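Visitor: Sharing a structure below in structure tokens format, with a few things to ask.
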Amino acid sequence: MRLSEKKPAKTPKIAPKSDASGVLGGTEIKIAYKIGYVLNFYREPAFRKIEMEHGITRPEIVTLIFLMYRDGVTAKDICEYSGHLKANISRGIIALEKKGLLRRAKDAADNRLQKLHITPAGRALYQRYIPQLRAREEAMLACLSRAELKTLEGLLDKLAAHVPEWSGPDEV
């Protein structure tokens, strides 16, 4: 059975203050809209709080998260994997460098490339805000059983691996 042939999924109840259930289940882009809805309620409040408490912007937050796991990458790498605009990531990198949270180094093989490295101060800041993001993720996923969580993670891995097949290089 094709995805478009399946019966509509039962839409979870939304808090009474907002009757968005019709929108969540009634758009022509049901899956993407629901993914966006969930992601926005995860990300927006969490990032706003980090911005206010730690004085860093969203592109800076994303850059530090990326560098914690892939130190020594380029700004282009961060853009390609995060989907953020080059201009925003570039501004974030400049700000992080001024704050002493990352440093740039020329690539030994290609002097035109600048590799980005997180500093000890950047690691320390990351360690201060990542628990908030982990806690919010746990709260978001609390309604899922272990089996459902494993299935969801597998499906997200599959979707993420499929991104190059349907998105173009000009979209970053």
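Visitor: Hey, among ARG112, ARG103, which residue is outside any helix (DSSP H, G or I) and touching a Leu at 6+ places or on another chain (Cβ under 9 Å)? Show your work before the answer.
Guide: Details: ARG112 fails: touching a Leu at 6+ places or on another chain (Cβ under 9 Å).
From the options ARG112, ARG103, the qualifying one is ARG103.
Visitor: Can I ask one more? Among the residues of segment 28-48, write down those that are assigned to a helix (DSSP H, G or I) and either among the hydrophobic types (A, V, I, L, M, F, W, C) or touching a residue at least 60 places away in the same chain (Cβ under 8 Å) (or both). Working first, answer last.
Guide: Taking segment 28-48 and keeping what is assigned to a helix (DSSP H, G or I), we get 30-48.
Those that are assigned to a helix (DSSP H, G or I) and either among the hydrophobic types (A, V, I, L, M, F, W, C) or touching a residue at least 60 places away in the same chain (Cβ under 8 Å) (or both): ILE31, ALA32, ILE35, VAL38, LEU39, PHE41, TYR42, PRO45, ALA46, PHE47.
Visitor: Another question, if that's okay. Any residue at all in segment 77-95 that is modelled with pLDDT of 95 or more and among the aromatic types (Phe, Trp, Tyr)?
Guide: no
Visitor: Kindly evaluate THR74 against the criterion of being at pLDDT below 70 and either β-branched (Val, Ile, Thr) or on the phi > 0 side of the Ramachandran plot (or both). Walk me through how you get there before you give the answer.
Guide: Numbers: at pLDDT below 70: no; either β-branched (Val, Ile, Thr) or on the phi > 0 side of the Ramachandran plot (or both): yes.
No.
Visitor: If you don't mind, there's one more thing I want to ask. Assess whether ALA75 counts as being surrounded by fewer than 12 Cβ atoms within 10 Å (Cβ to Cβ) and out of contact with any Gly (no Cβ under 8 Å at 6 or more places or on another chain). Don't jump to the end; show me each part of the working.
Guide: Numbers: surrounded by fewer than 12 Cβ atoms within 10 Å (Cβ to Cβ): no; out of contact with any Gly (no Cβ under 8 Å at 6 or more places or on another chain): yes.
Answer is no for this residue.
Visitor: May I ask you to say which residue of GLU80, GLU28 is surrounded by fewer than 13 Cβ atoms within 10 Å (Cβ to Cβ) and out of contact with any Lys or Arg (no Cβ under 6 Å at 6 or more places or on another chain)? So that I can check it myself, show each step before the final result.
Guide: Working: GLU80 fails: surrounded by fewer than 13 Cβ atoms within 10 Å (Cβ to Cβ).
Matching residue, one of GLU80, GLU28: GLU28.
The values are calculated or read from the model by the stated rules, or taken from the named source; none is laboratory data. What you are looking at is a predicted structure, and each value in this text was computed from that prediction instead of being measured. Heads up, the Cβs are rebuilt from the backbone with ideal geometry, glycines too, and the neighbour counts pull from every protein chain shown.
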